[in-house]
Amino acid sequence: MIRLKRIGAGIIGLHNHYHAFPMADYMKQGIPGVELVAVADERELELTRFAETYGVAGVYSDYHELLKRKDIDLVIVTSDTGAHCEHVLAAAAAGKHILLDKPISLSLKEADEMITAAEKADVKFMMAYLIRFNSVYLKVKQLIDTGVIGRVTSVYQSIRCPLSFITSSPYTSSPGWYVEPSRCGGGGFLDHGVHYTDYLRWLLGSEAVSVIGKVANLAYKDIPVDDYGIAIYEFNSGVIATVESTWHAADWYGPLSSPEQCVITGTEGEIVVHYQKSPQLEVSSRKAPYRGRTYFDWEGDERYNICYKSIVEHMVECIREDKVPSVTGKDGRLALEMILAAYEASRTGQIIRFPFEKRCCSAVEILNGDNGA
C-alpha cells in the first residue's frame, strides 16, 4: 500500500456532537498526518457554525458531495445511529476509510452489511470507542493485565446521567433524534451501555455467554425509548459483570460530580474508578507496591478529552501503516449484540444466551416484541 503524505478527513453528520466536536478540535490544533477538509450535515445552522468554529472550507448539506472529493481519504461518521448503515455503505463504495461513532448500527443485520462492505472495498473500518483510549481505563487495563488485583471475579459499571444532558446539538436543549426510535434504536441503556459492553470484552479478554436484564422508563415515562437499563453478563472466563446505563438521574450534571462508577473486584484486591472526580482511580491490593490504597489522578486533557485525539491518531496510524485498527467493525457488532440481548432478556424475563440471533431488530423493536421481519 502507498503511504499517504497527508490524510484528508471529512465528517459526515454532527448529530453526536459530543464526539464530532472534540475530534475536530484536536485536528484543528494539529494532529500530524491528517487534516479536516470537509463536513456534511443536513442541518444548515449546525453545519455553518461547525465550519466557522473549526475552519472547515468544504461544507455540504448532501454527504454524497463530500464523498466525491478525491482529497478525502478518511470519513468520520458521527451521524444519528439510524443513518450509520447508509453512510458507511456509501463511504466504503467510495473507497474511503471509516471511523464510526457508537453504536455501530440499529441492528446486527445492518452491522453485518457494513462489515462486509468495508472488507470488500478493502478499507479500514474502526469504531470510535473512546473508553479504550481513556487515560483512566487504560491504567485499569494495565493494572489488571499485570495481575495487581489477581484474577478478576466481578465488575460493576454504572453511569447515571440526566436526560437534560442528552441533546441533539450544542445549540439546543432538546434530545431530538436521541429519543426518536427509528433514528436512535434504543434509549438510555443502549446510549452509554454499548461503550461498556465493548470495554468489558477488551478489559477481560473474554466473551459473554449469557445475560439477564431489565430495561424500563423510570423517570421519563413520556418518551418512546427507555431511560434506564441494567444487565448482568456472565463471561466465559467466569467473570460476572453488571452494566447499568441510564438517563434517569436528577436534573444535574457537573464535571466534578461523577455520574459514572466502575468497581472491579479480584482475588487479590479491588479497583474503583470515578473518572470525573479526583482522585479518579483507587487501587487496593494485597500485593506490593499497591498494599493498602493507592490513588491515581490526571490533569488537563489527560483527564478525559485526550481520548478523542488518541482515537484519530490511531486511525491515522492504521491507514498510513496498513494496520488493523484495535477496535474493528466486528468489535462494534459484538458490543451491540450484548446490548440487544439484554433488551430481549428484559422483554422475556429469561436468561439469554449468546450468540443472539435476532439480526433484524433494533433495541426498541425487541422491547416491543417486533420480529424484525
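Where both residues lie in the chain, what percent of DSSP beta bridges are antiparallel, nearest 5?
The answer is about 60 percent antiparallel.
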Relative contact order for the stretch 12-145 using alpha-carbon pairs under 8 Å, separation at least 6, rounded to a whole percent? 20
Can you tell me, using C-alpha contacts under 8 Å and at least 6 residues apart, the relative contact order of the chain as a whole percent? 19
Between V77 and residues 5 or more places away or on another chain, the pairs with built amide H atoms under 5 Å apart involve I12, L99, L100, D101
Protection-proxy order for peptides 10-18, 111-119, each taking the mean of Cβ atoms within 10 Å per residue, highest first: 10-18, 111-119
Note to self: C-alpha centroids of the stretch 258-310 and the stretch 199-240 sit apart, in Å, by 22
Could you work out the relative contact order of the stretch 101-225? I mean the mean sequence separation of Cα pairs under 8 Å and 6+ apart, divided by the number of residues, in percent. 24
Distance in nm between label sites at A288 and S174, each 7 Å beyond Cα in the beta-carbon direction? 6.3
Between the stretch 45-67 and the stretch 100-133, the Cα center-to-center distance that results, in Å: 23
Please list, ordered by chain and number, the residues whose modelled amide H lies under 5 Å from the amide H of T153; skip anything fewer than 5 residues away on the same chain. T265, G266, T267
Using the Karplus equation 6.51 cos²θ - 1.76 cosθ + 1.60 (θ = phi - 60°), what ³J(HN,Hα) coupling, rounded to whole Hz, does each residue of the stretch 348-359 give in order, writing x for Gly and Pro? 8, x, 10, 6, 10, 9, 9, x, 8, 9, 7, 6
Using 30 Å as the Cα-Cα cut-off, could you pick out the over-long pairs in K124/K287; K68/K358; K5/K309; K68/K139; K5/K120; K68/K330? K124/K287; K68/K358; K68/K139
At a 10 angstrom cut-off on C-beta neighbours, averaged per residue, how do the peptides 288-295, 310-317, 57-64 rank from highest to lowest? 310-317, 57-64, 288-295
Sparsely packed trypsin sites (Lys or Arg not before Pro) within the stretch 149-183, loop by DSSP, other Cβ within 10 Å at most 15: R151
Please turn the phi angles of the stretch 273-284 into ³J(HN,Hα) values with the Karplus equation 6.51 cos²θ - 1.76 cosθ + 1.60 (θ = phi - 60°), one per residue in order, whole Hz, x for glycine and proline. 10, 10, 6, 9, 10, 10, x, 7, 9, 10, 10, 10
From DSSP H assignment alone, runs of 4+ in the chain each adding -39500 (n - 2.57), the sum over residues rounded to the nearest 500 puts [θ] at 222 nm at -10500 deg cm²/dmol
Please list 3J(HN,Hα) in residue order for the stretch 131-143, calculated via the Karplus relation 6.51 cos²θ - 1.76 cosθ + 1.60 where θ = phi - 60°; whole Hz, with x for glycine and proline. 5, 5, 10, 7, 4, 5, 6, 5, 5, 4, 4, 4, 4
The stretch 96-227 accessible area per residue, 1.4 Å probe, protein heavy atoms, integer Å², reads 32
Rounded to a whole %, the carbon-and-sulfur portion of the accessible area of the stretch 143-242 at a 1.4 Å probe is 55
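Roughly to the nearest percent, how much of the accessible area of the stretch 24-85 is carbon and sulfur, given a 1.4 Å probe? Can you show the working numbers first?
Working: 1290 of 2690 Å².
Carbon plus sulfur share of accessible area: 48 percent.
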Please list the non-local residues whose amide H lies under 5 Å from the amide H of L36, H modeled 1.01 Å from N, same-chain partners needing a gap of 5 or more. A9
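The values are calculated or read from the model by the stated rules, or taken from the named source; none is laboratory data. Not measured: the values here are computed from a predicted model. For neighbour counting, all protein chains shown are included, and Cβ atoms are generated from backbone atoms with ideal geometry for every residue, glycine included. The area values use the complete protein model at the heavy-atom level, side chains included, leaving out ligands, DNA and RNA. Shrake-Rupley method; radii C 1.70, N 1.55, O 1.52, S 1.80 Å.
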